Amino acid sequence: MNSPSPTDEQTLLTYTLATVPDQVYASPPDGELSLCDLLITVTNHRTEPVYCPLLTIRLPVGAGARQLVASGSGITPLATPATWSVVALQEDVLIAVPHDGTARFTPSEHAPRQTVTPSLAIELKGLRISREPGTAVVEVAESAATTPDGPPLGRTHSFEIIKRGLGLATAGLAEEV
């Protein structure tokens with residue numbers, strides 16, 4: 001379904017992406033656009049804390065096969081915990097920022113020290129999927145450091161989302177009958 005891009009830089013934080021529904025289908029050639037939600041989960045699987053003042057999400061917007069959404073308008077962004085805000089800077093760029101200026105992601109429970117792992121969930125609800133089947137790449141750019149005083153460096157993690165054609169959905173139904 002969704003896979004990381006092989007050209008990703010090594011990010012300090014770990015990212016996962018899920019879509020609702022699981023299978024993303026290109027919108028039909030005519031009529032209403034199909035809707036989809038994205039859920040991006042951010043965690044720390046390192047042995048030391050990670051400090052992050054900013055995450056930038058880039059959505060490919062347009063009508064082609066490489067664009068995920070036909071338009072960036074109408075997207076409802078939500079962040080959990082509520083100590084983060086997600087806002088649209090422009091149609092294809094959203095930013096997530098912690099209210100306190102910099103978030104501290106503590107080491108995961110899989111690290112040598114046992115601590116609670118805070119995570120960040122970013123939901124982008126109501127994406128209007130473009131009409132052309134193909135593969136779109138969603139990018140999450142982190143600004144993060146391993147010390148509270150260290151200058152945060154930019155690193156990018158990418159996810160490929162396959163938009164299937166509607167013919168594949170109906171062909172699967174025909175085989176099941």
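The values are calculated or read from the model by the stated rules, or taken from the named source; none is laboratory data. This one's a predicted model, so the numbers in the text were calculated from it and none came from an experiment. Backbone-built Cβ (ideal geometry, glycine too); neighbour counts: all protein chains shown. For accessibility, only protein heavy atoms count, side chains too; no ligands or nucleic acids. Shrake-Rupley method; radii C 1.70, N 1.55, O 1.52, S 1.80 Å.
In this rough spin-label picture, where each label sits 7 Å from Cα along the Cβ direction, the R155-T47 distance is 1.6 nm. Label sites at D37 and T146, each approximated as a point 7 angstrom past Cα along Cα to Cβ, lie 3.6 nm apart. Ranking G74, A18, S85 by how far each Cα lies toward the positive end of the dipole of the range 17-90 (charges on Cβ) leaves S85 at the top. Computed from label points 7 Å out along Cα-Cβ, the spacing between Q90 and D30 is 3.5 nm. Ordering 145-156, 124-135, 77-88, 55-66 by mean Cβ neighbour count within 10 Å, with the highest value first, yields 124-135, 55-66, 77-88, 145-156.
A straight chain from A121 to A18 at 0.36 nm per residue would run longer than the Cα-Cα distance by 36.0 nm.
Largest accessible area first, the listed residues E32, E123 line up as E32, E123 when surface is computed with a 1.4 Å probe on the assembled protein chains.
Of the solvent-accessible surface of the range 34-150, computed with a 1.4 Å probe over protein heavy atoms with every protein chain present, carbon and sulfur atoms account for 53 percent.
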